[in-house]
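Input: a single structure, listed below in structure tokens.
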Amino acid sequence: MNLRRNVVSIVDALVTDLRTRILDGELVPGTALREVEVAQRYEVSRPTARSALDALVGVRLLTRSAHKTARVVKLTPDDVSDIYRTRALIESQVVRELALDAKVPDGAVRANREIRDLRGSAAVEVIGPDLTFHRSLVNARGSERTRLAYDVLIDEVGMCMSQVQGAGLLDATRISAEHAAILDAIGGRDGEQASRLLVEHLENARTRLIDHMAAAPGPSAQ
């Protein structure tokens, strides 16, 4: 039993480290992750490396066709639009419902304070607290099904944020100001305003990322 738990924890640790390297932009879209090289780098068995890569394929951070090397996913403009559209459907309704009780999540407040304090720091440092902010809103809804639905999307959300921040498309000051306005609307019981600001916040990021992709050479700009 303990042996099984140890194997699982090694796979989980490997998944966590690879996910962090992808979302931090160290492993850029298109980077190949070969099973044997992952096993050697992390000093784990090939089956363990394979399990970790399979897990990342499952959350769409990696892509791999039959008998091919796993690669960090390259999001297309259509992918980005669909991810942000799905986020807006979930998050806009969440903030509308939170506003009914003026329920401002403490986790979102703390995360936004952290973003505000990152002014002048490397843009990619915003990704972690930005994810925490939005996840805190969804979790505060108190619905396990809503949380699970959002969890399916969360790594692709992180990938979008990684590309936005990797290109320096939004700064911490603007992000924290937009977040603060959303929280103020929730606290003021103005659900429609909170929902509108949330959708505008996401649309701003979506538009900037797609414009950036269109201007960049390569398959992702097609």
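Key figures
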{"quantity": "Residues that are surrounded by 12 or more Cβ atoms within 10 Å (Cβ to Cβ) and either farther than 18 Å from Glu178 by Cβ or outside the structural domain of Ala180 (by TED's automatic domain parsing) (or both), drawn from the range 103-115", "calculated": "Lys103"}
{"quantity": "Which numbered condition Val59 fails, given (1) within 18 Å of Tyr150 (Cβ to Cβ); (2) at pLDDT 95 or above; (3) not assigned by TED's automatic domain parsing to the domain that holds Leu131", "calculated": "(2)"}
{"quantity": "Answer residue from the range 173-182, given it is surrounded by fewer than 21 Cβ atoms within 10 Å (Cβ to Cβ) and of a type outside the set (Asp, Glu) and is farthest from Ala122 (Cα to Cα) among those", "calculated": "Ala181"}
{"quantity": "Any hit, the range 81-102, residues being among the charged types (D, E, K, R) and assigned to a loop (DSSP other than H, G, I, E, B)", "calculated": "yes"}
{"quantity": "Qualifying position, being within 27 Å of Pro29 (Cβ to Cβ), in contact with a Cys (Cβ under 8 Å, 6 or more places away or on another chain) and either surrounded by fewer than 20 Cβ atoms within 10 Å (Cβ to Cβ) or outside the structural domain of Leu61 (by TED's automatic domain parsing) (or both), among Leu202, Leu118, Leu209, Leu170", "calculated": "Leu209"}
{"quantity": "Output for the range 158-172, where each listed residue is hydrophobic (A, V, I, L, M, F, W, C), closer than 21 Å to Ala214 by Cβ and part of a helix (DSSP H, G or I)", "calculated": "Met159, Cys160, Met161, Val164"}
{"quantity": "Lone qualifier among Ile186, Ile175 - being assigned to a helix (DSSP H, G or I), in contact with a His (Cβ under 9 Å, 6 or more places away or on another chain) and closer than 19 Å to Leu131 by Cβ", "calculated": "Ile175"}
{"quantity": "Subset of the range 103-137 (residues that are among the β-branched types (Val, Ile, Thr) and assigned to a helix (DSSP H, G or I))", "calculated": "Val109, Ile115, Val124, Val126, Ile127, Thr132"}
{"quantity": "Test: residue in the range 178-201 that is of a type outside the set (S, T, N, Q) and more than 23 Å from Leu100 (Cβ to Cβ)", "calculated": "no"}
{"quantity": "Test: residue in the range 22-31 that is among the hydrophobic types (A, V, I, L, M, F, W, C), touching an Asp or Glu at 6+ places or on another chain (Cβ under 9 Å) and farther than 11 Å from Met159 by Cα", "calculated": "no"}
{"quantity": "Meets criteria (at pLDDT below 95, of a type in the set (Val, Ile, Thr), closer than 26 Å to Thr16 by Cα and under 18 Å from the mean Cα position of the chain (by Cα)) for Val138", "calculated": "no"}
{"quantity": "Search result, residues across the range 138-157 that are of a type in the set (Lys, Arg) and not in a helix (DSSP H, G or I)", "calculated": "Arg141"}
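The values are calculated or read from the model by the stated rules, or taken from the named source; none is laboratory data. Since we're looking at a predicted model, the values are computed, not measured. Counting neighbours? That spans all protein chains shown, and the Cβs are built from the backbone with ideal geometry, glycine included.
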